[in-house]
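Before any comments, here is the structure.
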Amino acid sequence: MIKLLQKSGLIIALSLPFMAYANSAASPTAHEEAAVDFCSFATEGVMRIAAARQVGIDQAKLVGELNQSMGAMRSQMAAATADTLDQYWKDATERLYQEPIYDSEPDKQAFVMAVGESSFNHCLEQTLAAPKA
């Protein structure tokens, strides 16, 4: 999937929401840092899902790749975190595969960027509103 993103020019867009947050946050707490780390990773996946949609990757193929990736990552994170991430990406896939595939590269890039910004902000709101563990 990465090769397709690089060919379409969408990979450049993947890091921009995170850079904007990093430049605006002042002395985050440990809880905020953990939220930013989680949301950055979760949003990167959502943006890749959006980019996959825009380059026409079949939804079933993408779901298979996501399942395979989650299987490999589960041993590297807490079960609750893995479950949350897995569900977040599955929900994003369902939503994003209802969206149209845009015709031009600028429209595709704008779509991926808008998805990234929205996903990151929503994730942060939800994560920071959750009780601290």
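The values are calculated or read from the model by the stated rules, or taken from the named source; none is laboratory data. Since this is a predicted model, take the numbers as computed values, not measurements. Cβ: placed from backbone, ideal geometry, glycine included. Neighbour counts: every protein chain shown. We work out accessible area using only protein heavy atoms, side chains counted, and drop any ligands, DNA or RNA first. Shrake-Rupley method; radii C 1.70, N 1.55, O 1.52, S 1.80 Å.
Expressed in nm to one decimal, what extension gain is obtained for the pair TYR102 and HIS122 from 0.36 nm per residue of sequence separation less their Cα-Cα distance? Kindly include the intermediate steps, with their values, before the conclusion.
Values: separation 20, 0.36 × 20 = 7.20 nm, distance 2.37 nm.
Full-extension gain reported as 4.8 nm.
As a test of reading the structure, rank TYR102, TYR97 by solvent-accessible area (1.4 Å probe, protein chains only), most first. Intermediate results must be reported in sequence, preceding the final value.
Numbers: TYR102 80, TYR97 30 Å².
Heavy-atom accessible area, descending, gives TYR102, TYR97.
Name the residue from VAL115, LEU128, TYR88 whose Cα lies farthest towards the positive end of the charge dipole of segment 86-133, charges +1 on Cβ of Lys and Arg and -1 on Cβ of Asp and Glu.
The residue sitting farthest along the positive end of the dipole is LEU128.
If you stretched the chain out fully between ARG95 and GLN76, how much longer would it get, using 0.36 nm times the residue separation minus the C-alpha to C-alpha distance?
Working: separation 19, 0.36 × 19 = 6.84 nm, distance 2.70 nm.
So the extension gain works out to 4.1 nm.
Quick check: Cα centre of segment 103-133 to Cα centre of segment 39-68, how many Å?
Distance between centres, Cα-based: 14 Å.
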